1. Any residue that is under 23 Å from residue 136 (Cβ atoms), of a type in the set (Gly, Ala, Ser) and either open to solvent by less than 20 Å² (accessible area, probe 1.4 Å) or within 32 Å of the chain's Cα centre (by Cα) (or both) - is there at least one of those in the stretch 177-188?
2. Taking the conditions exactly as written (open to solvent by less than 10 Å² (accessible area, probe 1.4 Å), within 21 Å of residue 194 (Cβ to Cβ), of a type outside the set (Gly, Ala, Ser) and over 13 Å from the mean Cα position of the chain (by Cα)), does residue 90 satisfy them or not?
3. Working only within the stretch 140-176, note down all residues that are open to solvent by 80 Å² or more (accessible area, probe 1.4 Å) and polar (S, T, N, Q).
Amino acid sequence: MVNGCQTKSILDYLKSGGRGKGKGKGESAEKTENRDKSSRKKKKPLKKDDEESDEMEELNKLVVRVLHVSENPSTVFVKVTPNVKEVRPYIVCCIVEGMNLRAGNALKRFLVAQTKLHDDDCQKRTLATIATHDLHLVKGPLLYDARPSQTLKITPLGRKEIKAADLVRRLQTEADEQRKQKKRQNVSGLHKYLQLLNGKENFPCLVDAEDHVISFPPITNSDKTKIRKTTSQLFLEVTSSTNLQTCKNVMDRLIVRMAELNKFTFENKEQESVSDDETEVTKDLTEDQAETVDLTVIKMTSPELIVRQVRVVDAEGNLKVVYPAKTDLNVDAHNVTVIR
């Protein structure tokens, strides 16, 4: 090598450290090391960002906490009579707390969501029907029964007390007039769920401890127990003539939608308000009930919903169904956490 190379080349070779460590390769190694260091520096903040992202995802989850019957001894349970077997045999119920309906348009959004569920999941009420009540106005225990259409009376939402048979006839007339105005040949959604009662001598109803009809599915629930902005605890009811699982599926969807709406209300921090009509309702509550309403409002520091189980039993007191059970509310949604 000494004989074949120039002296300068030999000196450069020795200066660079010898074998495999020429000038070019030395520079390359140095660049590689610098890139590695830069890469490691970049990876550290990425790891921190991932942790923050996980924390944000956890905060964005909708929390639904289930309280079992054993944790919540209550007089609110539903007894089912054999009369409903041939009319509308399936019912599930539960109690929901933590829903803030006072803020802004929260109540309106909830009612719109319920209507959409009726149209979509409930197939225009032909598959199932949802009824919502102010728990403070519901006097349990409740009876799910079927009674003669000519004697059954209810005070429908926004109407005066009327016999169930007369109400159905009136709704049928209204539906026919609406169809003629729109020049439609096909039956409307209203016609479809009214047809569920065709030929029935007895109509299904949910009756309270004072024998007041608070629900007449699939038609309407009572104006006496309707929810308002002041409602802090909701009694939810889903009935069907199809099967029990249909009721559970609809109830699952309703509760998840309520959790979504409550989170939206909480995050948007809408101003709370009570109309004059709703103020009068609050005055009608007992002192204990009014105190409960106020305490519930004060505790609304998070959008978390509490779902209390409600038992449905047969005429002899044997358990038919309790909702939500372990197999209920197993929703396929990454943003929902159910604590049991």
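The values are calculated or read from the model by the stated rules, or taken from the named source; none is laboratory data. Because the structure is a prediction, the values reported are computed rather than measured. Methodologically, a virtual Cβ is constructed for each residue, glycine included, from the backbone with ideal geometry; neighbour enumeration extends over all protein chains shown. For the accessible areas, the whole protein counts, side chains as well, though only heavy atoms, and no ligand, DNA or RNA atoms are used. Shrake-Rupley method; radii C 1.70, N 1.55, O 1.52, S 1.80 Å.
1. No, because not a single residue in the stretch 177-188 is under 23 Å from residue 136 (Cβ atoms), of a type in the set (Gly, Ala, Ser) and either open to solvent by less than 20 Å² (accessible area, probe 1.4 Å) or within 32 Å of the chain's Cα centre (by Cα) (or both).
2. no
3. Correct list: 150, 151.
Yes/no matrix, rows are residues, columns are (1) modelled with pLDDT of 80 or more; (2) assigned to a helix (DSSP H, G or I); (3) closer than 22 Å to residue 136 by Cβ; (4) of a type in the set (D, E, K, R):
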| residue | (1), (2), (3), (4) |
| --- | --- |
| 263 | yes, yes, no, yes |
| 277 | no, yes, yes, yes |
| 290 | no, yes, yes, no |
| 295 | no, yes, yes, no |
| 308 | yes, no, yes, yes |
| 320 | yes, no, no, yes |
| 332 | no, no, no, yes |
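Rundown of residues vs (1) outside any helix (DSSP H, G or I); (2) open to solvent by 10 Å² or more (accessible area, probe 1.4 Å), yes/no style:
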position: 190; (1), (2): no, yes
position: 200; (1), (2): yes, yes
position: 204; (1), (2): yes, no
position: 209; (1), (2): yes, yes
position: 214; (1), (2): yes, no
position: 231; (1), (2): yes, no
position: 237; (1), (2): yes, no
position: 250; (1), (2): no, no
